[in-house]
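Each value in this text was obtained by applying a stated rule to the coordinates, not by laboratory testing. Treat the numbers as computed from the prediction; the structure is a model and nothing was measured. Cβ placement follows ideal geometry from the backbone for every residue including glycine, while neighbour counts extend to all protein chains displayed.
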Amino acid sequence: MKKTEIKLPPNALEVFIKRYSLRDEHGRAVETVRDIFSRVARVVAESENQYRDGVDPKQIYEQFRQHLFSLRFVPNGRTIANAGTGSGQLANCFVLPIEDDLGKMENSIFATLRNAVLILQSGGGVGFSFGRIRHKGAFISTSKGKATGAVSFLKIYDTAFWVIGQGGGRRSACMAVLPVDHPDIYDFVTCKEQEGEIEHFNISVGITDEFMEAVSKNKSFDLRDPHSQKTVKTIKAQDLFDTIATFAHHNGEPGLLFLDAANRENPVPEQYTLEATNPCGEQWLGPGENCCMASINLREHTKAKKDPKKTLADELYDQEIDWSKLQETVEVTTRFLDDVIDANKYVSAVPMLAEAAFKNRRIGISIMGLADLMYLVGVAYGSQEGEDLAGQVMEFIRYHSLKTSIKLAKERGVFPGITKSVYNPEQFTFKLNKSLVKPSPRFKRPKLNWTKLISDIKKHGLRNAAQNTIAPTGAIATVTGLEGYGCEPVFSLSYMMKTHEGADYDNGEDFKKLYYESQLFAQALQKAGLSKAKREKVFSKVRESGTCQNIDGVPDEIKNVFVVSADLTASQHVRMQAALQRFVDNSISKTINFPATATIDDVKKAYLQAWKLGCKGLTVYVTGSRQQVVLESGKQDKEPYSSKEIDFRGRPLVKKQVVPVKIKVCPECGAPMQKAEGCITCPECGWSKCDV
């Protein structure tokens, strides 16, 4: 068999190995990228041995391996890092329930804290709803005292996670959610006013339709006791809405999670009501459920057009979507993730994790490189045509992931929780959403026979209760060389990025600066006939602003397609998210970017638009509202650099200035330490310390 080339830029190769390679007793990487992908494919394909469906596990292993080698899809980071290791925990994140009890109940405040710590130690992030905790000042009958409120326990969790981060365990983010009608909601919204406070949590308000309707009609709104549901206080809905928007405008938090929108599409409504998401908001999960995700690399799913080239646009955009290849990738990714559920070594001390995973067998097929795809086929992100393309691609993925899940159900059995789901054949309530915009024939997408598919679901059931999501894919998009991560537009055609990977800590360097230029933009300029001197002149201007929109000498055919995040209005961002959401049964991680001149009213308009269009969550960011950022475009950095050395894409998550860790020998057992992802870890006893 011909050896498949792994197309990674040199910097990306280095970072991939640093992040994901197994290491020897001296902390040295012992795997190549091919070795890493082969290990992942082998461990996941071993799940095939428990099924007698006539498929050769060795063939599946090779299929997984070749898809990974060619970067057609990439699993989430914990699957790559932990497959075949002592941990074996392959999920990135979980949701845990919290009951209003200190320690007697199974999911009491401190029992859940204990479970969360164990998950964090395994490398997973955790989401929580603090909505059941009684509000500040509420009477406690057992102690005759008064409750300290939901935010006080959020601070306890944050402190505990800080201690864990200092003494051991991989850095992992968490999500805290509070329903909008909780009496502590004002304290919650303002709890991260100062950057660096409650730094181990993202926070989001659980928004209801009742609240948004009260805002729209300028009505009052009741804050209710979470136990008795009696009104504790009545407020003006717009006052709370203003406060939420003000603080989000200030530093990007809180985010919004639309509870009713999520529960309208809850695949298992008779099992539980959805209350919380994973740390980045793309996965609504029930108690103990996890994120089992992989992202399809859309940039690897195009082919050359056969049409004659008559115009400059034809020359520039000579690619079209390879639907046949995309279908095959969806089928393989669906099978891969179903196998991950079986291959995962769940935290044994938290039994609910395995129970929840096997009951509903949730998977999350995501996408990345949507912006790259649009650059290749000549469609502007944020345009009506862009909304159409995004919707068509996501509907196609949704269709074929469901179709494959039906096939797996016939071969392996339906997910055990199906009788209490919308897919229950005796009481089938699944409904298909309509596209945001009318699909155009331009993209030559094959016909989707939804009528037959739904009939097959009723007849055979599904293997997986949930199938689709859109993750941020920051790390895996970075190491696969993409220009746009997740479903986001390209951030900038040129920018400087800060990363801990490769920083010279011994000489006082906290970050390594990596410089990026869009290779697709550079290729388009070359195809348009611009000389090397003119291309360099264009890039010298691009480095000042990140965009090509106001640069003389750039053909309109390029300007019309090569838009970046800052070129888009907030409304265009929201509509793109809404177009994708129509065919994502779970949710989407996306940021709605605003210019520095944006007002609080602009943020409020985006919230209302997202709610009306059926989005399940929204995160906003106003340029310059955070002191420490990872990606910088424009004139912030004047150091000269060569475009020949620009081969790194994407971003890590860095929230604040850090003090570098320089421990070389484990203080517990004396073994040499190894460094990865901003943490140093002992390969012998697991002791760890992190930079952030």
Per the 1/(1 + (r/R0)^6) rule, R0 = 56 Å and r from the Cβ atoms of Ala304 and Leu432, FRET efficiency to 0.05 is 0.95
The lysines whose Cα lies under 22 Å from the Cα of Lys136, excluding any fewer than 8 residues away in the same chain, are Lys104, Lys144, Lys146, Lys155, Lys192, Lys230, Lys233, Lys236
The exposure ranking of Ser492, Ser152, fewest beta-carbon neighbours within 10 Å first, is Ser152, Ser492
With +1 on the Cβ of every Lys and Arg and -1 on the Cβ of every Asp and Glu, the dipole magnitude of the range 347-433 about its Cα centre, in debye rounded to the nearest 20, is 600
Once phi for every residue in the range 113-123 is put through the Karplus expression 6.51 cos²θ - 1.76 cosθ + 1.60 (θ = phi - 60°), the whole-Hz ³J(HN,Hα) values, with Gly and Pro written as x, are 4, 4, 5, 5, 4, 5, 5, 4, 5, 7, x
For the table Lys534/Lys559; Lys590/Lys612; Lys359/Lys420; Lys217/Lys604; Lys18/Lys590, the rows whose alpha-carbon distance is greater than 21 Å are Lys18/Lys590
Sorting Val30, Gly131, Phe110 by the position of each Cα along the dipole of the chain (Lys, Arg +1; Asp, Glu -1; all at Cβ), the one nearest the positive end of that ordering is Val30
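What does the highest-first list of 364-373, 74-83 look like by mean Cβ count within 10 Å?
364-373, 74-83
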In whole angstrom, the spacing between the Cα centers of the range 179-244 and the range 423-499 equals 31
Applied in sequence order to the range 483-490, the curve 6.51 cos²θ - 1.76 cosθ + 1.60 (Karplus, θ = phi - 60°) yields integer Hz couplings, x standing for Gly and Pro, of 8, x, 8, x, 9, 6, x, 4
Kirkwood radius from Cα pairs of the range 261-366 plugged into Stokes-Einstein at 25 °C, 0.890 mPa s, gives D in µm²/s equal to 146
Under the rule rounded for a/c under 1.5, else prolate if a/b exceeds b/c, else oblate, using alpha carbon gyration tensor axes a ≥ b ≥ c, the range 338-388 is classed as prolate
Extension length gain for Thr451 and Val55 (0.36 nm per residue less Cα distance), in nm, is 139.7 nm
Residues meeting the amide H criterion for Ser108 (H placed from the backbone, H to H distance under 5 Å, 5 or more places apart or on another chain) are Glu99
Two pseudo-spin positions, 7 Å from Cα along C-beta at His227 and at Thr273, lie apart in nanometres by 1.8
Given Cβ charges of +1 for Lys and Arg and -1 for Asp and Glu, the option among Thr429, Asn550, Ala380 whose Cα lies farthest towards the positive end of the dipole of the chain is Thr429
At the level of C-alpha centres, the distance separating the range 75-128 and the range 1-66, in angstrom, is 25
Any aspartates and glutamates whose Cα falls less than 18 Å from that of Lys532, other than same-chain ones fewer than 8 residues away, would be Glu517, Asp552, Glu645
Magnitude of the Cβ-charge dipole (Lys and Arg +1, Asp and Glu -1) of the chain about the Cα centre, nearest 20 debye, reported as 1120
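How far, in nm, would the chain grow between Glu315 and Lys410 when pulled straight, counting 0.36 nm per residue and subtracting the alpha carbon separation?
Working: separation 95, 0.36 × 95 = 34.20 nm, distance 4.64 nm.
Value of the extension gain: 29.6 nm.
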Expressed in angstrom and rounded, the centroid-to-centroid distance over alpha carbons for the range 324-344 and the range 278-310 is 12
Once normalised by the length of the range 93-277, the mean sequence separation of its alpha carbon contacts under 8 Å that are 6 or more apart gives a contact order in percent of 19
Placing each pseudo-label 7 Å from Cα in the direction of the beta carbon, Glu355 and Lys559 end up separated by a distance in nanometres of 6.2
Everything considered on the Cα gyration tensor (a ≥ b ≥ c; rounded for a/c under 1.5, else prolate if a/b is larger than b/c, else oblate), the range 167-285 must be described as oblate
Of all DSSP beta bridges having both residues in the range 93-277, the percent classed as antiparallel (nearest 5) is 30
Per its Cα gyration tensor (rounded if a/c is under 1.5, else prolate when a/b beats b/c, else oblate), the range 329-479 is best filed as oblate
Residues Arg535, Arg52, Arg114 in order from fewest to most other beta-carbon atoms within 10 Å are Arg52, Arg114, Arg535
Relative to the compact-globule estimate 2.2 N^0.38 Å (N residues), the Cα gyration radius of the chain stands at a ratio of 0.93
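Please give the charge dipole size of the range 93-277, origin at the Cα centre, charges +1 on K and R Cβ atoms and -1 on D and E Cβ atoms. Round to the nearest 20 debye.
520
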Listing Trp611, Trp284, Trp162, Trp323 by rising number of other beta-carbon atoms within 10 angstrom, fewest first, gives Trp162, Trp323, Trp611, Trp284
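Treat the range 93-277 as a sphere of radius equal to its Kirkwood radius over Cα pairs and apply Stokes-Einstein at 25 °C in a medium of 0.890 mPa s; give the translational diffusion coefficient in µm²/s, rounded to a whole number.
For these conditions, the coefficient is 143 µm²/s.
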